[in-house]
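Data first, discussion second: the structure below is written as structure tokens.
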Amino acid sequence: MRYIVIFLLLLNFAYYSWSRYRPSQSEAGPGSEDLPLLNTGLMLVREFDEQAAILSAADQDQSPMCALVANFPTADEAYSFMSESSNRGFSAVLNLTGEALAPQFRVYIRPSSSRSIATITQEGLSAAASNAGLEVETYLITRGNLANAIALGVFARPDSAELVRAQVAALGYSVQIQEIPVSTGDIQVLLRHPQFDSAGEAQRLDLSADRPYLTVTENLCETIAQGLQFP
């Protein structure tokens with residue numbers, strides 16, 4: 001019994017000494033390394049503002065530019081403007097205001113590959129029409145999507161246009177009829193460019209440079225989206 005008591009006393013003394021003199025867990029041992037901070041996904045307010053500014057600028061660069069170009073004197077001039085716009089990366093839609101009227105009909109020969117070929121074709125047509133006893137008005141279209149085409153007149157009635165088409169086709173030419181919309185209001189073109197940047201603005205200014213009579217209203221993408229749809 002005495003030995004048991006002595007053994008328990010020694011055991012208690014040993015436990016007391018170990019708990020008193022063992023190294024503290026808060027002390028770094030030899031060879032310990034600083035652990036990297038965990039990536040919690042948090043962002044400082046200053047960093048958030050910087051990211052927001054960058055994203056806002058990127059969205060502005062990638063947002064489309066829309067404009068309403070008005071005061072075209074004729075539909076032909078509007079079509080010419082639309083053709084030039086398409087070649088510069090714009091989408092364009094013709095918009096006639098006011099009350100719609102009966103359309104007109106243009107008779108023409110398809111565009112040639114160059115101005116010189118178109119001139120030779122026009123001269124040959126005039127000679128052929130004169131020999132056949134036909135009175136046909138001819139003039140060269142110099143701009144727009146029908147540039148280098150030969151116009152044979154614009155008619156208010158479709159049957160008049162068809163008569164000229166048939167007469168010239170009998171001379172061996174490929175003749176087309178184009179319907180021209182007419183209204184009592186202003187002739188407008190809706191423009192859309194995929195990016196609102198300095199390049200798109202420069203192209204738009206270049207398009208209207210030789211047309212000082214046009215008026216342009218920009219930043220209309222939301223308004224235009226509620227009306228006509230671009231192709």
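The values are calculated or read from the model by the stated rules, or taken from the named source; none is laboratory data. Just so we're clear, the structure is a prediction, and the values are computed from it rather than from any experiment. Counting neighbours? That spans all protein chains shown, and the Cβs are built from the backbone with ideal geometry, glycine included.
Here are the numbers for this structure:
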| quantity | calculated |
| --- | --- |
| Matching residues in the stretch 158-174 - criterion: being small (Gly, Ala, Ser), surrounded by fewer than 17 Cβ atoms within 10 Å (Cβ to Cβ) and free of Cβ contacts under 8 Å to residues at least 60 places away in the same chain | 160, 166, 169, 170, 172 |
| Counted residues, the stretch 180-219 - those being modelled with pLDDT under 60 and surrounded by 14 or more Cβ atoms within 10 Å (Cβ to Cβ) | 3 |
| The stretch 127-157, residues that are part of a helix (DSSP H, G or I) and either assigned by TED's automatic domain parsing to the domain that holds residue 82 or exposed (fewer than 15 other Cβ atoms within 10 Å of the Cβ) (or both) | 127, 130, 131 |
